[in-house]
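Scroll down for the structure; my scribbles are underneath it.
Taken together, the values in this text are just the output of simple stated rules run on the coordinates, not laboratory data. As the structure is a prediction and not an experimental result, all values here were calculated from the model. All Cβ positions, glycine included, derive from the backbone under ideal geometry; neighbour counts span all protein chains shown.
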Amino acid sequence: MLIVFAILPIILLAILFYHLDELEKEPKQELVKACLFGLISIFLTVMISYIVNLHQIEVSSLKPLGKIGYSFFAIGFIEEFSKWLVTIFFLKKNKQVDTLFDYILYAIYIGLGFALVENVLYTITGGIFVALVRAFLTVPAHAFYAITMGYYLGKAKVYKQKNAYLLSLFIPVLLHGTFDSFILVGNYLSYLLFFLFVIGLYFFAIFLIKKTRNLDNQEAKNNSVKSG
């Protein structure tokens, strides 16, 4: 039963974002493949973490500044860098990507693949309460980081904005590091800021989705006029 609670939010988010793709549905087999690539990013994260000996750090003994540094480097940077590399590799090989939302959608599915493994592991050890908390906070957050990553990767490719490559890594790392910093610092103020941050994260994700759909619709109209 715990496994069901761990997997269910991943499935629901995958269905939600699939239906947000209005112009042309992506092949389901490619989306499943993207999710599997997300599993690869987990192994890449673990490998990098062991190379730099992060497993030897006792996080609970760190001072607040140390916990913030750990959040941004050990969690935010390494996890998002792993997903970023996998996402770039996947998109480079994928012939289906032709709109800005496509970049976001595939990045989301890779992020959900990552979140799937992480969620199962945390739920098995933490129980139903952890599963419920992660379903509304951590799992959507992974999708939201992926939205920013896919958005800026799409900007770099579709709109030829070269600086967007850097932003496609920097923004997810910034968001992820901030998310975990508030949790690890663990005082009343940080928890308050955490929930305000999560609310802002939801609105930011909605804003980027709407902006992307408007840009894609405008691009489709322009192409229609040119071809007509």
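Could you give the longest part of the chain that holds none of the GluC sites (Glu not before Pro) found in DSSP loops with at most 13 neighbouring Cβ atoms within 10 Å? No qualifying site falls inside 59-228, the longest such stretch.
Applying a DSSP loop filter and a limit of 12 other Cβ atoms within 10 Å to the trypsin sites (Lys or Arg not before Pro) in the stretch 124-228 leaves K160, K162. Residues I3, I88, I104, ranked from the fewest to the most other C-beta atoms within 10 Å, line up as I3, I88, I104. Along the axis of the charge dipole computed for the chain (Cβ charges of +1 for Lys and Arg, -1 for Asp and Glu, origin at the Cα centre), the listed residues F129, Y191, F89 are led at the positive end by F89.
The ranking of M47, M149, M1 from fewest to most other beta carbons within 10 Å of each one's beta carbon is M1, M47, M149.
Here the extension length gained between F43 and N187 equals 48.7 nm, from 0.36 nm per residue of separation less the Cα-Cα distance. With the cut-off at 28 Å, tell me which of the pairs K28/K157; K33/K67; K28/K67; K83/K221; K33/K210 have Cα atoms farther apart than that. Pairs exceeding the cut-off: K33/K67; K28/K67; K83/K221. Of the options (1) 65, 40, 35; (2) 57, 38, 34; (3) 106, 41, 23, only one is Cα extents along the principal axes in Å as computed from these coordinates, and that is (1).
Per-peptide packing, taken as the mean over residues of other Cβ atoms within 10 Å, places 12-21, 66-75, 137-146, 171-180 in the sequence 137-146, 171-180, 66-75, 12-21 from highest down.
When each full DSSP H helix of the chain is screened for a Cα extent of at least 20 Å along its own axis and an average Kyte-Doolittle hydropathy of at least 1.6, the helices passing are 2-19, 164-185.
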